[in-house]
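Down below is the structure, laid out as structure tokens.
The values are calculated or read from the model by the stated rules, or taken from the named source; none is laboratory data. Note that the structure is predicted; figures quoted are calculated from it, not measured. Methodologically, a virtual Cβ is constructed for each residue, glycine included, from the backbone with ideal geometry; neighbour enumeration extends over all protein chains shown. For accessibility, only protein heavy atoms count, side chains too; no ligands or nucleic acids. Shrake-Rupley method; radii C 1.70, N 1.55, O 1.52, S 1.80 Å.
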Amino acid sequence: EQGDEDDDDGGGQHGGGAWGAEWTARKAAASSLDNLSHMYRENILEVVLPLISKKLEHESWEVQESGVLALGAIAFGCMEGLTQYMPKVMEHLLKLCQAPKPLLRSISCWTVARFSSWICNERVNPMSEQVLRSVLQQLLLRVLDKNKRVQEAACSAFATLEEMARHLLVPYLDDIVQTLSKAFQYYQAKNLLILYDAVGTLADAVGPELDTQRYKQLLLEPLFQKFNNTPDNDRSIIALFECLSSMAQNLGPSFMPLCKPLVERCSRLIINGAQAAQMWMQNPNEFEKPDREVMAASIDLLSGIVAGLQGKVAEVLQQQNFLSVVPEVLKDSALQVKQSAFALVGDSAKHCIEHLAPFLPQLLPQCAKALRENTSATVSNNASWAVGEICIKVGADFMANYLDEVVDALISSLRSTQPSQRQALLMQNVCITLGRLGVVCGPSMGKKFGQFAQIWCMVMKDVRIDQEKVTAFQGFCNMVNASPQVALSYPVEVAGAIASLCPPPPQLFQQLQQILASYKQTQHWPQAWQQLPQDVKLILSHVYSGVEPA
């Protein structure tokens, strides 16, 4: 690693406080200030700003450093109130990024990144382009700083900025890619993990813009050197695989020539991990618990390759069908492994169903089992999504053999889900999958519709309008047509769900109009109409003529 210029300068207060893993009074104070700023917003500025200003002007670098930390702590909560001061604040912070003392440089990098939303927002920062250029210039210099703690802070700050800046980084890609490529020569251990994160985040931020011969050479050569030199038992392989997965997803087909060694190693790690997990689960006293994170990262990298290559992944699968490992992997009890494996099933169903098809007789019951158990919202989410992707591709005849088991499991997970933000997302995804099954297997789903029609309508009315919601409502119309009596039992819920799809897609307008017209012919419609919220009545009256009770 590059030389460690008087690292412990300023002594004890920073050794653990700024960098160690342990909790300290300094960290607690910064965290409290952060919480206060979120609670009281700009109301605390009249007290806090003079104190910070005094510290920043102090002759002692250690006092200045504490002022910079305090400024970073209030950045999120007080952003609105600080906007008027930001040009001067940012100018001062960028100067401090060049300070002689490493700890002052590093804390300034961290604080700069805390203001990423202001840096990248032209609406509140008319000088956005100019400021972003200055910030990038300074952070990239610090990424190659002589001091490894400054490297760590700058690279981490750069990764934070990337997430906010995204496409705004494109004009600066030459400097960015050259700097990150050079950093691979110097970074080791912990800093290397942060560098992997910065490269992966860059790929996600600028996408196909990285797909040039020069950029690929500068980034992929050092990454593959690390891939070849990192042993299986080195946990840095997890961050490396995450980085390679982002590269695969964003470089698309041009990543194809690099896939063979990745697929071979991932498959080997997954198989070895699955076998070790089986042995450990059967006899935990005799065998060591396997590292599930390495397994999950290997599965995620395969998912990244499938998502990036899309239809072209068939060429890789013809040489080695790595999907054969998935049924075995899903026997593992580890939720992290199941979550990744179901995501791989969904991606593969979407892009290469013919290579997944031989394993579906094992995989569909495994999806159903995960949904019935519902031990983790994320696992259930991915299992539900996988079912939806599979059914769209294989059609009604194939699904007929598994429909009862899968639909019963989806309904069971819908009923057992506790209300919370995370669980609300699961309920929405399960309802979307039930809708997709309605598109593919309308008549069969009509027979089951009564078991979930009411909750389906209540959940789907809160889903934002996108293509998935439209598809789910196509399935809803098919199920209503197959079993019209069911919809008549829940006029308030059905009408609320229909009103949430506004404006209605042209291909569904006629069918939704007919459902509402059928309600109007029943004697209970006037009473149901009275129960509808005012906004729902207004939408229905405006969009669907003549639905009001006579």
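Quick grid of which residues meet (1) of a type outside the set (F, W, Y); (2) crowded, with 20+ Cβ neighbours inside 10 Å; (3) under 25 Å from E389 (Cβ atoms); (4) touching a helix residue (DSSP H, G or I) at 6+ places or on another chain (Cβ under 6 Å):
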| residue | (1), (2), (3), (4) |
| --- | --- |
| Q454 | yes, no, no, yes |
| M460 | yes, yes, yes, yes |
| V480 | yes, yes, yes, yes |
| Y490 | no, no, no, yes |
| A497 | yes, yes, yes, yes |
| F509 | no, no, no, no |
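Kindly check whether there is at least one residue in segment 9-17 that is in contact with a Lys or Arg (Cβ under 8 Å, 6 or more places away or on another chain) and either open to solvent by 80 Å² or more (accessible area, probe 1.4 Å) or modelled with pLDDT of 90 or more (or both).
Within segment 9-17, one or more residues are in contact with a Lys or Arg (Cβ under 8 Å, 6 or more places away or on another chain) and either open to solvent by 80 Å² or more (accessible area, probe 1.4 Å) or modelled with pLDDT of 90 or more (or both).
If a residue must be of a type outside the set (A, V, I, L, M) and either over 14 Å from L139 (Cα atoms) or touching a strand residue (DSSP E or B) at 6+ places or on another chain (Cβ under 9 Å) (or both), how many such residues does segment 160-181 contain?
Matching residues across segment 160-181 total 6.
Here are K331, K338, K350, K289: which of them is assigned to a helix (DSSP H, G or I), of a type in the set (K, R) and out of contact with any Ser or Thr (no Cβ under 9 Å at 6 or more places or on another chain)? If you could, list the steps in order and put the result at the bottom.
Details: K331 fails: assigned to a helix (DSSP H, G or I); K338 fails: out of contact with any Ser or Thr (no Cβ under 9 Å at 6 or more places or on another chain); K289 fails: assigned to a helix (DSSP H, G or I).
That would be K350, the only listed residue that is assigned to a helix (DSSP H, G or I), of a type in the set (K, R) and out of contact with any Ser or Thr (no Cβ under 9 Å at 6 or more places or on another chain).
Anything in segment 269-310 that is of a type outside the set (A, V, I, L, M, F, W, C), in contact with a Gly (Cβ under 8 Å, 6 or more places away or on another chain) and in contact (Cβ under 8 Å) with a residue 24 or more places away in the chain? List them, or say none.
Correct list: D291, R292, S298, G308, Q310.
Using the structure shown, decide if V47 is of a type in the set (V, I, T), open to solvent by 50 Å² or more (accessible area, probe 1.4 Å) and part of a loop (DSSP other than H, G, I, E, B).
It is false that V47 is of a type in the set (V, I, T), open to solvent by 50 Å² or more (accessible area, probe 1.4 Å) and part of a loop (DSSP other than H, G, I, E, B).
Hey, could you check segment 346-394 for residues that are within 22 Å of L425 (Cβ to Cβ) and open to solvent by 40 Å² or more (accessible area, probe 1.4 Å) and say which is modelled with the lowest pLDDT? Lay out the reasoning, then the answer.
Narrowing segment 346-394 to residues within 22 Å of L425 (Cβ to Cβ): 346-347, 349-350, 366-392.
From what's left, open to solvent by 40 Å² or more (accessible area, probe 1.4 Å): 350, 369, 372-373, 375, 385, 392.
Details: K350: 96, K369: 96, R372: 94, E373: 92, T375: 89, W385: 97, I392: 95.
Result: T375.
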